[in-house]
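Trainee: I'd like to ask you about the structure that follows.
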Amino acid sequence: MSIPRFAYAATISVLALTAALVGCAGHNPASKSSGVTLRLGYLTRITHASALVGIDNGAFARNLGPLVKFEPQPFSQGTAETTALLSGQLDAAFVGPNPAFNAWQRSNGTAIKIISGSATGGTSMVVKPGINSAEDLRGKTVADPALGGAQDVSVRDWLLKNGLKTNAQGGGDVSIKPTTPESAIVQQFTSNQIVGAIVSAPYDVQLVNAGGTRLWSDPNTITILVVRQEFLAAHPDVVAGLVRGQIQANETIHTDPDAAARSANATLTKALGAGLAPDVLTASFQETIFTNDPGVQSLNDQVRKAVSVGLLQPLNLDGIFDLSLLNHELAAVGQPPVAA
């Protein structure tokens, strides 16, 4: 299977790539902590391919080293990851922005730090043919993965901007139906229980393949990497290894897309019992941009959206970012820093 080259967040020169490969081999190859377990959460979506690839190709385990026990844990919802982070059942997670905001707010800024970006885009509102506007959805039911998730906030904000109100109970001008697992959204679409859904890759691609059309796509940050503050303070070298693995996983996505696709599908197969069809896999990667930059402006905009639809209290993101380890590791492989 040949997969077209994925979009770059920034152009990477041959010299930078060479430096990256040399740096990966010689710069802090493994953490020095002994007897530590790192429990990493991720979602079984292509928008979490940084995690999917790093798990399968060994980028995380290699950079954490033999003294650290690495335990990746799949989830179907970012809201469930938030619960696991707040209860101490996870140490770090690839998660959507809004679940991270909720963890920050519920803990009064003490639970997590955003330490890297991962992906933007890869999310679309897919509807039945004949639906061409928000107004066409009035009185109808659409689905999304979870109440309060990034997709949920995005669609509610879009509907509100178009004069349509929603509420958390599924009422209002348009009924929004949080649905898990996301594969059930595809089933509901094909059986005409819903007229559309906002979902991330690969599920939006599957809806299109089931006869749907893209009404609009969301270009904003969809996946970030967060860590519990307590774990970061106790084991900064372990977190540095995790970040190195993230950088290397994204490098593989950019420079060897075929290998990245195979790795992502292998992780999905282990987690779900089945991988993606080649055409779905290809299209899912093509619509997603993988980047180490969390996109501060995008995240602030998503906070505003969540507040406007009543799913988040007013929130200041000051202090939620700690990109120092990311920028240190980027500098080590000749890549420019990320601004907080």
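Trainee: Report every pair of residues separated by at least 6 positions or lying on different chains whose Cβ atoms are under 8 Å apart, first residue within region 72-100 and under 20 Å from Leu312 (Cα atoms) and outside any helix (DSSP H, G or I), second at pLDDT below 95 and open to solvent by 40 Å² or more (accessible area, probe 1.4 Å).
Mentor: Once the first residue is under 20 Å from Leu312 (Cα atoms) and outside any helix (DSSP H, G or I) and sits in region 72-100, its partners that are at pLDDT below 95 and open to solvent by 40 Å² or more (accessible area, probe 1.4 Å) give Gln77/Thr180.
Trainee: Any idea which of (1) assigned to a loop (DSSP other than H, G, I, E, B); (2) surrounded by fewer than 21 Cβ atoms within 10 Å (Cβ to Cβ) is the one Ser298 doesn't satisfy?
Mentor: Against the list (1) assigned to a loop (DSSP other than H, G, I, E, B); (2) surrounded by fewer than 21 Cβ atoms within 10 Å (Cβ to Cβ), Ser298 comes up short only on (1).
Trainee: Further question: Among the residues of region 144-166, write down those that are assigned to a loop (DSSP other than H, G, I, E, B), surrounded by 14 or more Cβ atoms within 10 Å (Cβ to Cβ) and over 22 Å from the mean Cα position of the chain (by Cα).
Mentor: Result: Asn162, Leu164.
Trainee: Consider only pairs whose beta carbons are under 8 Å apart and that are at least six residues apart or on different chains; among these, list those whose first residue lies in region 270-284 and is open to solvent by 30 Å² or more (accessible area, probe 1.4 Å) and whose second residue is modelled with pLDDT under 95 and not in a helix (DSSP H, G or I).
Mentor: Pro278/Met1
Trainee: Yes or no: region 130-143 includes at least one residue that is touching a strand residue (DSSP E or B) at 6+ places or on another chain (Cβ under 6 Å), surrounded by fewer than 18 Cβ atoms within 10 Å (Cβ to Cβ) and not charged (D, E, K, R).
Mentor: yes
Trainee: So for region 196-209 (the condition being open to solvent by 10 Å² or more (accessible area, probe 1.4 Å) and assigned to a loop (DSSP other than H, G, I, E, B)), does at least one residue qualify?
Mentor: no
Trainee: Ok, one more. Go through (1) in contact with an Asp or Glu (Cβ under 9 Å, 6 or more places away or on another chain); (2) closer than 26 Å to Ile320 by Cβ; (3) not in a strand (DSSP E or B) one by one and return the number of the condition Val227 breaks.
Mentor: All conditions pass for Val227, except number (3).
Trainee: Across region 101-128, which residue is surrounded by the most Cβ atoms within 10 Å (Cβ to Cβ) among those that are of a type in the set (Ser, Thr, Tyr) and part of a loop (DSSP other than H, G, I, E, B)?
Mentor: Here the answer is Ser107.
Trainee: Let me ask another. Please give the number of the condition Gln77 fails out of (1) crowded, with 22+ Cβ neighbours inside 10 Å; (2) under 13 Å from the mean Cα position of the chain (by Cα).
Mentor: With respect to (1) crowded, with 22+ Cβ neighbours inside 10 Å; (2) under 13 Å from the mean Cα position of the chain (by Cα), Gln77 is out only on (1).
Trainee: Additional query: Tally time: how many residues in region 248-269 are of a type in the set (Gly, Ala, Ser) and surrounded by fewer than 24 Cβ atoms within 10 Å (Cβ to Cβ)?
Mentor: Selection size over region 248-269: 3.
Trainee: Output the residues belonging to region 171-183 that are surrounded by fewer than 18 Cβ atoms within 10 Å (Cβ to Cβ) and modelled with pLDDT under 95.
Mentor: Across region 171-183, the qualifying residues are Thr180, Pro181, Ser183.
Trainee: For region 252-290, enumerate the residues that are part of a loop (DSSP other than H, G, I, E, B) and out of contact with any helix residue (DSSP H, G or I) (no Cβ under 7 Å at 6 or more places or on another chain).
Mentor: Asp256, Gly273, Ala274, Ala277, Glu287
Trainee: Given the conditions (1) touching a strand residue (DSSP E or B) at 6+ places or on another chain (Cβ under 7 Å); (2) crowded, with 23+ Cβ neighbours inside 10 Å; (3) assigned to a helix (DSSP H, G or I), and given that Gly245 satisfies all but one, which numbered condition is not satisfied?
Mentor: Condition not satisfied by Gly245: (1).
Trainee: How many of the residues in region 306-334 are surrounded by fewer than 22 Cβ atoms within 10 Å (Cβ to Cβ), part of a helix (DSSP H, G or I) and not aliphatic (A, V, I, L, M)?
Mentor: Of the residues in that region, 4 qualify.
The values are calculated or read from the model by the stated rules, or taken from the named source; none is laboratory data. Since this is a predicted model, take the numbers as computed values, not measurements. Backbone-built Cβ (ideal geometry, glycine too); neighbour counts: all protein chains shown. Areas reflect the complete protein model, heavy atoms only, side chains present, ligands, DNA and RNA absent. Shrake-Rupley method; radii C 1.70, N 1.55, O 1.52, S 1.80 Å.
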